[in-house]
Structures are given as structure tokens and as C-alpha cells.
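**Student:** For reference, the structure I am asking about is given below.
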């Protein structure tokens, strides 16, 4: 079975600093994906201790190794994950 590298979705946030020039620059922030009671959800600003309370968790801004079945479930989960978020390993 093929495995994939999962790069979580991102959102552009700005401004990146307090100076007025930073108002033109945005930073990409990773969005955490969790599975709670069989349903995938997007979550922002997670506390590390809370991650163990979910069936699955994919911390935003990190790369994760997933199976083909998990890839299919994440895409079908309707949480902003597409085939572009995966790279075959």
C-alpha cells in the first residue's frame, strides 16, 4: 500500500509585524486537522495536551506520513484537504 506525506492546509495571516511595512506581508499558518467521534475538523490554536483526546490529530505546519486509506478519508472529510496536500512517498 502506498504511503503519503500529508502537508496540512494553511491560511495567510497578516500583518506579520507592527511596523507599517509589515502590513503588506502575510505569513502562512498551518491548520491542525483532528478526528473527533469519527468526524474530521479544522482547529486553530491547539494546546498540545488536548491532542491526545482525539482519535487522530495532524498538527498544522508539520508533515505527516499517512496511509492511502487515511488520505482518502481526509479528502472525503470536507475540511479543506485536497489531493494537492499529499505527496506520494
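**Student:** If the chain between residue 22 and residue 53 were fully stretched, how many nm would it gain, using 0.36 nm times the residue separation less the Cα-Cα distance?
**Tutor:** Numbers: separation 31, 0.36 × 31 = 11.16 nm, distance 3.72 nm.
Gain in length upon complete extension: 7.4 nm.
**Student:** Given the rule -39500 (n - 2.57) for each run of at least 4 DSSP H residues, summed and divided by the residues of the chain, what is its mean residue ellipticity at 222 nm, to the nearest 500 deg cm²/dmol?
**Tutor:** Details: 1 runs with 9 residues, N = 89.
It comes out at -3000 deg cm²/dmol, rounded to the nearest 500.
**Student:** Report the relative contact order of the chain, percent, no decimals, based on alpha-carbon pairs under 8 angstrom and at least 6 residues apart.
**Tutor:** Working: 162 pairs, mean separation 35.6, N = 89.
Computed value for the chain: 40 percent relative contact order.
**Student:** Where q = 0.17, 0.19, 0.21, 0.25 Å⁻¹, what log10 of I(q)/I(0) comes from the Debye formula for segment 3-88, counting one point per Cα?
**Tutor:** For segment 3-88, the Cα-only Debye profile gives -0.71, -0.83, -0.96, -1.22.
**Student:** Pop a pseudo-label 7 angstrom from the Cα along the beta-carbon direction at both residue 76 and residue 36 and give the gap in nm to one decimal.
**Tutor:** Distance between label points: 2.3 nm.
Read-outs throughout are calculated quantities, based only on the coordinates presented, and are distinct from any laboratory measurement. What you are looking at is a predicted structure, and each value in this text was computed from that prediction instead of being measured. As a convention, Cβ positions derive from the backbone with ideal geometry for all residues, glycine included, and neighbour counts pool all protein chains shown.
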